[in-house]
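Notes for the one structure printed next.
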Amino acid sequence: MLRFMNTLGKCLEDFVPIAPPRVGLYTCGPTVYDHAHIGNFRTYVFEDLLRRYLEFRGYDVHHVMNITDVEDKTIARANAEGIPLHELTARYVEAFFEDIDALGILRAHQYPRATEHIPEMVEQIEKLIANGHAYAQDGSVFFRISTFPGYGRLSGMDMDGIQPGARVDCDEYEKEDVRDFALWKAPKTGEPVWQTRLGPGRPGWHIECSSMSMKYLGASFDIHTGGVDNIFPHHENEIAQAEGCTGAPFVRYWLHSEHLLVNQEKMSKSKQNFYTLRDLLARGYPARALRYALISVHYRKPLNLTMDALDAAAAAVERLADFHRRIVELPATAAAAAAGSNRVVDAVRQTEQDVTEALDEDLGVSTALGAVFDFVREMNRILDESGVSTEDRATVLGLWRKLDDIFGVFQPPVEELSSELLGLVRQREAARRDRRWKDADALRDTLLDAGVVLEDTPAGTRWKRRRAATTT
RNA sequence: GGCGGCAUAGCCAAGUGGUAAGGCAGAGGACUGCAAAUCCUUCAUCCUCGGUUCAAAUCCGAGUGCCGCCUCCA
């Protein structure tokens, strides 16, 4: 039974979709004013694992991720660069897709953008005004929190405790109550303006997610996710907006991922520990190693990213790739043997069961990966001792494909070698055959300098790309 | 000040009452012409101090440290 830690209620709950096998999944996406940083991707990778695992468990997931292309930061950045908003956001939307592709994150089924859903937001705001949950003031529209008794339930915030003055800044907008939040913002110089039935202005941030999620997933849907910092106020406000509008329960399961730390500290540009994906790729870490590092820690635990940890992740991924290559390239002679057949079948079955049990429990990914590495060791033992039959190999590769569908880090990319380098490999094989060890070793060194590592096996010499040097 | 998260070997990290998964790094060994890959062996008593219990990393209390939220930061 699949279970999730639901932020709403703070306990482990059995996962029961509203209309199985369909699952509506909404994940809070990027604000496209700059490159996303590696902490953002921690969340996106978690959401990718969630989606992939739901699919593995037979659910028909409909995944929607919003793109926030109009809010304070995007406007400020576009103004600073002196370019139109859409030009700025188009640039970073493109970068975002490049990055998630590099990390092997599956594309959502839809990426609705705020600027393309102004009418839907206006309509929702009108409903909220009509039923008394919202009020217009000085050209803006605010949500009236006092009319929504459930406010604060998701975050556990006691709204009565928040009083004007102390820590709460009254912003430039006049509101009935400082706790009220903006649904629609009156026009200001230097800001984009939409002419709507509400008057001119632009949407507040929170309204886009409730409008767009309900448009594509319905008034009530299954799962909504984001980083922990979104719990309050963003998701709290979404609930108020949605339920205040429809009267129906908005979301069944709220899942939130913890933040990523760098060297046990919060990432910040001033501490010079702020990394985008591109920064880390430029340091030579393979994208798959980064994905592994981001995925291998449970999503509700802070992830402490260090360069040592990334080196370790790169090595772990290589161990998995080495195993995959070994099983794929298994020579026919060894593949004909079948002494280990029962062990293979047992190991495959046990591994699939262990991985499923672990992930069923709120995506217990560390335990699941532990089971995978146990499997790799057992299979390597079998391969050392007896080899496997062609049939068993197919069974193993079948499991491997399933695991890769879930984790997205097990199937190594196909590597190619230039004909010159391949020629050197052949020359060295000839040298070894003639026992010209010095020549053979010199050729091996040459290839190593070219980034090619050789492995001599009873069935011949294999080559692979050297793991990128990643020091400092 | 209010609310919440975390603290396990050199590093990353599982485990939430019965004598510490897994990965990386290290040490020794097997295999190898030498390597690489692989396998075997080895490497912690769980932040501190109290308490509950036959039994605690795991429950309770008090500390210490780090991180986050408290109006728009994944």
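The values are calculated or read from the model by the stated rules, or taken from the named source; none is laboratory data. For clarity, every value in this text was computed on a predicted model and none was experimentally measured. Ideal geometry is used to build each Cβ from the backbone, glycine not excepted, and the neighbour counts take in all protein chains shown.
Where in the range A:361-440 are there helices (runs of 4 or more DSSP H), lying fully within it, with 3 or more residues that are under 16 Å from residue A:53 (Cβ atoms) and either under 23 Å from the mean Cα position of the chain (by Cα) or not hydroxyl-bearing (Ser, Thr, Tyr) (or both)?
Filter on the range A:361-440 gives A:365-385, A:390-407.
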Of all residues making up the range A:106-127, the number that are in contact with a Lys or Arg (Cβ under 8 Å, 6 or more places away or on another chain) and either under 14 Å from residue A:277 (Cα atoms) or in a helix (DSSP H, G or I) (or both): 3
Filter result for residue A:255 (among the hydrophobic types (A, V, I, L, M, F, W, C) and touching a Pro at 6+ places or on another chain (Cβ under 7 Å)): no
Residue count, the range A:134-175 (criterion: away from RNA strand B (no atom under 15 Å from the Cβ) and either at pLDDT below 90 or in contact with a Cys (Cβ under 9 Å, 6 or more places away or on another chain) (or both)): 2
Top-ranked residue of the range A:378-397 - restricted to ones that are free of Cβ contacts under 8 Å to residues at least 24 places away in the same chain and not acidic (Asp, Glu), ranked as nearest to residue A:328 (Cα to Cα): A:394
Subset of the range A:284-305 that is surrounded by fewer than 16 Cβ atoms within 10 Å (Cβ to Cβ) and basic (Lys, Arg) - its residue that is farthest from RNA strand B (Cβ to nearest atom): A:300
Filtered residue count, the range A:240-261, keeping only those that are within 12 Å of RNA strand B (Cβ to nearest atom) and either without any contact (Cβ under 8 Å) to a residue 24 or more places away in the chain or in contact with a Lys or Arg (Cβ under 8 Å, 6 or more places away or on another chain) (or both): 5
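Considering only the range A:324-333, I want to know if a residue exists there that is charged (D, E, K, R), within 11 Å of RNA strand B (Cβ to nearest atom) and touching a Ser or Thr at 6+ places or on another chain (Cβ under 6 Å). Let's see the steps before the verdict.
Of all residues in the range A:324-333, those charged (D, E, K, R) come to A:325-326, A:329.
From the residues that got through so far, the ones that are within 11 Å of RNA strand B (Cβ to nearest atom) too are A:325-326, A:329.
From the residues that got through so far, the ones that are touching a Ser or Thr at 6+ places or on another chain (Cβ under 6 Å) too are none.
No - not one qualifying residue is present in the range A:324-333.
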Residue check, residue A:349 among the basic types (Lys, Arg) and without any contact (Cβ under 8 Å) to a residue 12 or more places away in the chain: yes
Output for the range A:56-82, where each listed residue is part of a loop (DSSP other than H, G, I, E, B), out of contact with any Lys or Arg (no Cβ under 8 Å at 6 or more places or on another chain) and modelled with pLDDT of 95 or more: A:57, A:58
Every residue from the range A:400-427 that is of a type outside the set (A, V, I, L, M, F, W, C) and within 29 Å of residue A:316 (Cα to Cα): A:401, A:402, A:404, A:405, A:408, A:411, A:412, A:413, A:415, A:416, A:418
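Given the residues A:12, A:25, which is the only one that is surrounded by 16 or more Cβ atoms within 10 Å (Cβ to Cβ), within 20 Å of residue A:364 (Cβ to Cβ) and within 16 Å of RNA strand B (Cβ to nearest atom)?
A:25
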Members of the range A:306-323 that are within 6 Å of RNA strand B (Cβ to nearest atom) and either outside the structural domain of residue A:398 (by TED's automatic domain parsing) or small (Gly, Ala, Ser) (or both): A:309, A:312, A:315, A:316
Positions within the range A:281-309 being aromatic (Phe, Trp, Tyr) and not in a loop (DSSP other than H, G, I, E, B), in sequence order: A:292
Identity of the residue in the range A:441-465, more than 10 Å from RNA strand B (Cβ to nearest atom) and buried (at least 17 other Cβ atoms within 10 Å of the Cβ), that ends up nearest to the chain's Cα centre (by Cα): A:465
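Identify, please: which residue in the range A:325-344 is closer than 13 Å to residue A:385 by Cα and modelled with pLDDT under 80 and is, among those, surrounded by the fewest Cβ atoms within 10 Å (Cβ to Cβ)?
Result: A:339.
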